[in-house]
Amino acid sequence: MEVFQRIRLVARERYLEDDAHRKLSKYFRLIKNNLLKKAMVTWRKNSYAECVQSMVAMEETYESTKRANDLRMSQIVKTKHVRAERIIKSKKLRGANNAFVAMARVLKALRTKQEVLNQNVLYLRQREACRKWFKRSQVTKYMRNRAEKLIKEY
């Protein structure tokens, strides 16, 4: 009988040992999985916060660049307006001067024959048209070069 009791005791000890081993393994897995989950959640939070910070920094950079460009463009527009006013004023003065010169030429031409007058007026108109065309072409070239400079700056 004693042999069976020993077998039963050994079996019981083995069962208790295996059961304790099983419980410890399960407990270890639970703790390990819990720690991994916490670490993953922490990593996700940190990476999300870092992404948000980089996005905010990029938006701030974009806004500051946009403000600087707007300021630069407003300065350019002001400069263009000042230049346009100056050009208009000089054109008005030039127009009055040209009208006076033309009137003087016409009065001088009145002293000559009517035919010579008509030829002179036609010649003056042609010359003024050529000058006007040349000036426009020069302004167009200047504005194109100016636009290319501005594009290169930006």
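The values are calculated or read from the model by the stated rules, or taken from the named source; none is laboratory data. Just so we're clear, the structure is a prediction, and the values are computed from it rather than from any experiment. Backbone-built Cβ (ideal geometry, glycine too); neighbour counts: all protein chains shown.
Points worth noting:
- With respect to the conditions (1) of a type outside the set (Ser, Thr, Tyr); (2) surrounded by 10 or more Cβ atoms within 10 Å (Cβ to Cβ); (3) farther than 22 Å from LYS149 by Cβ, GLN75 falls short on a single one, namely (3).
- For the range 99-122, the tally of residues that are modelled with pLDDT under 80, of a type outside the set (S, T, N, Q) and either in contact with an Asp or Glu (Cβ under 8 Å, 6 or more places away or on another chain) or in a helix (DSSP H, G or I) (or both) stands at 8.
- Verdict on ARG12 being surrounded by 10 or more Cβ atoms within 10 Å (Cβ to Cβ) and modelled with pLDDT of 85 or more: yes
- When GLU17, GLU2 are checked against the criterion of being surrounded by fewer than 10 Cβ atoms within 10 Å (Cβ to Cβ) and more than 23 Å from LEU150 (Cβ to Cβ), a single residue qualifies: GLU2.
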